[in-house]
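What follows is one structure encoded as structure tokens, with my remarks underneath.
The values are calculated or read from the model by the stated rules, or taken from the named source; none is laboratory data. Note that the structure is a prediction, hence the values are computed from the model and not measured. Glycine gets a Cβ as well: all are built from the backbone with ideal geometry, and neighbour counts include every protein chain shown. To get the accessible areas, we keep the full protein, side chains included, count just its heavy atoms, and leave off ligands, DNA and RNA. Shrake-Rupley method; radii C 1.70, N 1.55, O 1.52, S 1.80 Å.
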Amino acid sequence: MNSLNVTLLAGGVGGAKAAEGLAKSNYAKGLKIIGNIGDDQVFHGLWVSPDIDTMIYTLSERIDRTQGWGLAGDEQKVLNGLKQLGVDTWMQLGDMDFASHIFRTEQRRLGVRAQEITQQISIANGVEIPVLVPTDDVVQTKLKSGSQWLNFQDYFVRFRCQPEIEEIHYVDCEKASATPESLDALRSADLVVIAPSNPLLSIGAILSIDDIRRQLTKVTVPVVAVSPLIGGHAVKGPAVELMKSQGYSPDVLGVATYYQGLIDVLVIDPMDAYLAPEIEAMGIHVLVRNIWMRDEAEKSEVMSTIVDETLNLQIKRAS
């Protein structure tokens, strides 16, 4: 295995795909992943971290690949029991999945750091690759629709991304401090990769923490982002609609604009190659490569190629 240190910023299904691809590549040994905690929310009195758990379940190969989240073979007897009691159960949580939520909630009540809890859950699931949280503090993504502020899971799951969104806010991000582990992962990286996750939601929540954003601007190694959009469409999720709502072009130009000043390279699909000159005019190198990751082999091939070709550009950022 290659000992190159690769730090991946990731959230959602796109982030899990990129993480799995790197985990099954020659770059697994030096891989560290900074995940998204903006989607965290309380359900049935339990603290649930959907993106972090999806990452851990994916790396452990316990993920339900049909739906892209939760544990394979899980049931919902607990939810059915709650439903009988008149409880609203729109957030789908499996019986085995509840173990993670119960453990996380108990540990939080004992004052254990979020990073330590995440590490314990990772180890219990047989995951050796470090899954890092960007902060031990609570930072939640909220979306404004009309006069109402929605929690992310309400917007995404309960209302199926239907509400029109005017604002996105990462609550208490200005008070949050980055974990030492996440900052060290950025400082020690030979390459930083931003997964094809929703820029405004999954990656935005990570970058909302000043320590993280500041450290990312300080790194002297290349930073490469993989576009989550292909031909003006998201592979999955509401990225296009949200980018429009926040004034960004709903295509790879919008992705480049959002990351401008933070990244050196943007990887786009051949379908979007005609936009490469406009992106390069922003001072961002463009790699035009297949970025579909439909199966295990393709995930590994795509992510390995992105690492190899970014390093071949021999970019050195100013310190």
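List of remarks:
- Pairs with Cβ under 9 Å, 6+ apart, first in region 301-316 and farther than 11 Å from Leu191 by Cα, second buried (at least 16 other Cβ atoms within 10 Å of the Cβ) and aromatic (Phe, Trp, Tyr): Met303/Tyr27; Ser304/Tyr27
- Some residue of region 192-207 being surrounded by fewer than 22 Cβ atoms within 10 Å (Cβ to Cβ) and β-branched (Val, Ile, Thr): no
Each row is one residue, and each column tells you yes or no for (1) over 19 Å from Gly15 (Cα atoms); (2) in contact (Cβ under 8 Å) with a residue 24 or more places away in the chain.
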{"residue": "Arg160", "(1), (2)": "yes, no"}
{"residue": "Pro163", "(1), (2)": "yes, no"}
{"residue": "Arg187", "(1), (2)": "yes, yes"}
{"residue": "Gly204", "(1), (2)": "no, yes"}
{"residue": "Val223", "(1), (2)": "no, yes"}
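- Test: residue in region 34-50 that is within 16 Å of Val193 (Cβ to Cβ), of a type in the set (Ser, Thr, Tyr) and open to solvent by less than 20 Å² (accessible area, probe 1.4 Å): no
- Residue match in region 108-116 (condition: under 20 Å from Ala10 (Cα atoms) and touching a helix residue (DSSP H, G or I) at 6+ places or on another chain (Cβ under 6 Å)): yes
Table: residues versus (1) open to solvent by 80 Å² or more (accessible area, probe 1.4 Å); (2) charged (D, E, K, R); (3) assigned to a loop (DSSP other than H, G, I, E, B); (4) within 23 Å of Tyr27 (Cα to Cα).
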{"position": "Phe103", "(1), (2), (3), (4)": "no, no, no, no"}
{"position": "Gln107", "(1), (2), (3), (4)": "no, no, no, no"}
{"position": "Val112", "(1), (2), (3), (4)": "no, no, yes, no"}
{"position": "Thr118", "(1), (2), (3), (4)": "no, no, no, yes"}
{"position": "Ser122", "(1), (2), (3), (4)": "no, no, no, yes"}
{"position": "Val138", "(1), (2), (3), (4)": "no, no, yes, no"}
{"position": "Lys142", "(1), (2), (3), (4)": "no, yes, no, no"}
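- Any hit, region 246-257, residues being among the β-branched types (Val, Ile, Thr), assigned to a helix (DSSP H, G or I), within 28 Å of Tyr155 (Cα to Cα) and open to solvent by 50 Å² or more (accessible area, probe 1.4 Å): yes
- Any hit, region 204-214, residues being more than 26 Å from Ile291 (Cβ to Cβ) and not in a helix (DSSP H, G or I): yes
- Only residues that are open to solvent by 50 Å² or more (accessible area, probe 1.4 Å) and either touching a Cys at 6+ places or on another chain (Cβ under 9 Å) or closer than 22 Å to Lys17 by Cβ (or both) were counted across region 265-295, and they come to 7.
- Verdict on Gly68 being more than 22 Å from Ile123 (Cβ to Cβ), at pLDDT below 95, touching a helix residue (DSSP H, G or I) at 6+ places or on another chain (Cβ under 7 Å) and assigned to a loop (DSSP other than H, G, I, E, B): yes
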